[in-house]
Structures are given as structure tokens and as C-alpha cells.
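Chemist: This is the structure I have questions about; it appears just below.
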Ligand code: VGL
Ligand code: ZN
């Protein structure tokens, strides 16, 4: 008997992969681009890492002076929006610079069983919120091919941030034909309204949601 949402009690199988997005120091409280309660995702992610047959992590990984950094554009402030050749870009504080402590995976994250760490945002002039497709909407990261080749067709998405990297990753995964479930208690957003909009868009695209306790 169940009174839950249609997604409650989701069974994991060999096609299930936990995709842990950007759980890095700069997105945690005290970091350069701190997500409110960002550290709250670590507990659920670590519990899930123990029960999932497969796990893949992503790492936001920018070169110094990346085009998404406000500091690169004189007169611009973090959180301004700026037109780029590929479309509008939110400008951010410098964050997740390659090789820095801020770009490192959170110390408390149980990453041992991760089978792949995919880095994104390393092209100096293109941002990449999505783990699949960069902001120019043309350059592929290779993740779709990797997952397909391994038969990992159901993605369970956790991490940061709901309104940016989670949203774009989940939508692109759906567009590439994967089944996608976002784990509600294992994600947090930067902006409240943006996060609500992201949930609505993901729902429209056929992204499911589940609580970590209902997966097993
Ligand atoms: C992210 C903004 C800039 C994210 C990454 O992980 O959601 N957000 N870079
Ligand atoms: Zn970034």
C-alpha cells in the first residue's frame, strides 16, 4: 500500500546510475559561490552511494579568467547577465578554478565508488551547466555516449545547484533519451524562484522526482 507520489519506491537495477553534480567546496557554505544549505546534500548522497550499482560524478572545472566570471568583464558584477555569442550568460564570482581547493570535491563526499568523474566548463569561452552539452548547445561532453555504451539508461540526479547544473543536466538527459529522476532531498538551489521554475520545467520534460529514502 502506498500513499506516495507516483515515483515512490523506485527500484534500482543494473541500468540505474547515480549522477552526483558539482558537490564541490565552492558551492558549499563558505565557498566562492555558496548554495544555501549546499552541504545538506552530502548526507543523502553518501547513503545513496552505498546502494547504487553505479555512480558518476561531475566537477565544474574552469580555467582562470573563465568567460563566466564577472571579474573577466570590466564594469560587470557577479549575478549580472551578459550577452555572449551563444546567448545570455549569468556572470559569477570566480569559482571552481582548476586545481584549487574550491574546485575539489567536498571532503565529506563519499566518492570512492564513483566510476567516472566528468569535468565541464573547461573551455575558456564557453560555460557548461549541463553535464551533457555546453552552453553553446553544440559542444558535447561525451557523457551521453559513455552512459549509453555501458547501458546506464536511468539517471538519478543529485547535487548542486537545482536551478542551474541540475536543471540543465536533467533536461539534456531527457532530450538525449535517458530516463531521469531527480532526488529531491539530495539537491539544493541558488535562487528560490529559479528553483521553483526549474522544478516546473523538469516536470514538463518528463523528469521524475523521488526522495532518497524511497530508492532501494
Ligand atoms: C553552477 C553556476 C556556475 C552549478 C556552476 O553547479 O549549478 N552554477 N557554475
Ligand atoms: Zn561554473
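Chemist: In this structure, is residue 21 in contact (Cβ under 8 Å) with a residue 60 or more places away in the chain, within 13 Å of ligand 2 (Cβ to nearest atom) and crowded, with 18+ Cβ neighbours inside 10 Å? Outline the logic, then answer.
Modeler: Values: in contact (Cβ under 8 Å) with a residue 60 or more places away in the chain: yes; within 13 Å of ligand 2 (Cβ to nearest atom): yes; crowded, with 18+ Cβ neighbours inside 10 Å: yes.
Yes: the conditions hold for residue 21.
Chemist: Right, next: Take residue 12 and tell me if it is surrounded by 16 or more Cβ atoms within 10 Å (Cβ to Cβ), assigned to a loop (DSSP other than H, G, I, E, B), at pLDDT 95 or above and within 16 Å of ligand 2 (Cβ to nearest atom).
Modeler: no
Chemist: On the given criteria, is residue 41 closer than 30 Å to residue 126 by Cα, away from ligand 2 (no atom under 16 Å from the Cβ), at pLDDT 95 or above and assigned to a helix (DSSP H, G or I)?
Modeler: Here the answer is yes, as residue 41 does meet what is asked.
Chemist: Among residues belonging to region 44-74 that are part of a strand (DSSP E or B) and under 14 Å from residue 96 (Cβ atoms), point out the one that is farthest from the chain's Cα centre (by Cα).
Modeler: 69
Chemist: Does region 82-101 contain at least one residue that is in contact with a helix residue (DSSP H, G or I) (Cβ under 7 Å, 6 or more places away or on another chain), within 16 Å of ligand 1 (Cβ to nearest atom) and free of Cβ contacts under 8 Å to residues at least 40 places away in the same chain? Even if it seems obvious, please write down each step before you answer.
Modeler: Narrowing region 82-101 to residues in contact with a helix residue (DSSP H, G or I) (Cβ under 7 Å, 6 or more places away or on another chain): 91-97, 101.
Among the residues that remain, those that are also within 16 Å of ligand 1 (Cβ to nearest atom) are: 91-97.
Those still in the list that are free of Cβ contacts under 8 Å to residues at least 40 places away in the same chain too: 91, 97.
Within region 82-101 (the criterion being in contact with a helix residue (DSSP H, G or I) (Cβ under 7 Å, 6 or more places away or on another chain), within 16 Å of ligand 1 (Cβ to nearest atom) and free of Cβ contacts under 8 Å to residues at least 40 places away in the same chain), the answer is yes, since at least one residue qualifies.
Chemist: Restricting to region 108-124, name every residue that is within 15 Å of ligand 1 (Cβ to nearest atom), touching a residue at least 24 places away in the same chain (Cβ under 8 Å) and over 16 Å from the mean Cα position of the chain (by Cα).
Modeler: At the first step, the residues of region 108-124 found to be within 15 Å of ligand 1 (Cβ to nearest atom) are 109, 117-124.
So of that shortlist, the ones also touching a residue at least 24 places away in the same chain (Cβ under 8 Å) come out as 109, 117-122, 124.
Passing the criteria: only 124.
Chemist: Another question, then. I need every pair where a residue in region 61-73 that is closer than 16 Å to residue 88 by Cα has its Cβ under 6 Å from the Cβ of a residue that is crowded, with 21+ Cβ neighbours inside 10 Å, sequence separation at least 6 or different chains.
Modeler: 68/92; 68/127
Chemist: Inside region 27-51, can you point out the residues that are in contact with a strand residue (DSSP E or B) (Cβ under 8 Å, 6 or more places away or on another chain) and crowded, with 18+ Cβ neighbours inside 10 Å?
Modeler: First, the residues of region 27-51 that are in contact with a strand residue (DSSP E or B) (Cβ under 8 Å, 6 or more places away or on another chain): 27, 31, 33, 35-38, 40-41, 44-45, 48-49, 51.
Hits for region 27-51 are 27, 31, 33, 35, 38, 41, 44, 45, 48, 49.
The values are calculated or read from the model by the stated rules, or taken from the named source; none is laboratory data. Worth saying up front: this structure is predicted, and the values here are computed from it rather than measured. Please note: Cβ atoms are built from the backbone with ideal geometry, for glycine as well, and neighbour counts cover all protein chains shown.
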